[in-house]
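Down below is the structure, laid out as structure tokens.
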Amino acid sequence: MASFTAGNADVLVGTPCAAGEDAGVPRKMPLNPEPRLPFPNPPNPGYITPSTGASFGSGMEPFYKVGKLDPYTVVDFQVQSLMSGQELQRIEQSLYQLVDEGSTKLLLDFTQVQYLSSQAIGIVVALRSKTAKAPGGKLVLCGVGTQLHQLLKITALDRILPIYKTRKDALAAK
């Protein structure tokens, strides 16, 4: 049983109960009063001819922005979480298309990202393979936070991918 009550944003929910409690009595559970915004809109500094990528649905912010900073095509992720399977499939297709269209030196900026799924890790691995096959191709990561860096260490990707603290460091290393 569930019903919304007017005015105080509570919902009545019939839940399983412990021994001795009345199973027919609904309990009040507060709703989350703060709406979650899945696509934060951080500033996009330092791009030459920026464009957006992998934006799905009307009115939604893009998952990443793309710009050119020689010699790299920079992919600046604009979300905190890369976890949704459907979204990741679209991102994967868009990133592969970038490489197919000649952007073989990619710099993935994870500054805004806090969470990666195993599917996202798989995409990074496949993207590394795809760029490595192209003449002069290279995949570089930057802006990787402590948690993501630990994940990359656990998966041993820190051994095969150049990872820099900042975009500036990555560009200086060329």
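Readers should treat all values here as calculations from the given coordinates under stated rules, not as data from a laboratory. Quantities reported herein were computed from a predicted structural model and do not represent experimental measurements. Cβ coordinates were reconstructed from backbone atoms using ideal geometry, including for glycine residues, and neighbour counts include every protein chain displayed.
Structure values in brief
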{"item": "Number of positions in segment 120-154 that are crowded, with 17+ Cβ neighbours inside 10 Å, without any contact (Cβ under 8 Å) to a residue 60 or more places away in the chain and within 18 Å of the chain's Cα centre (by Cα)", "result": "14"}
{"item": "Residues of segment 103-139 that turn out to be touching a Cys at 6+ places or on another chain (Cβ under 8 Å) and either aromatic (Phe, Trp, Tyr) or in a strand (DSSP E or B) (or both), as a count", "result": "4"}
{"item": "Residues that are in a helix (DSSP H, G or I) and out of contact with any Leu (no Cβ under 9 Å at 6 or more places or on another chain), drawn from segment 78-98", "result": "Gly85, Gln86, Glu87, Gln89, Arg90, Gln93, Ser94, Gln97"}
{"item": "Test result for Asp100, surrounded by 18 or more Cβ atoms within 10 Å (Cβ to Cβ) and charged (D, E, K, R)", "result": "no"}
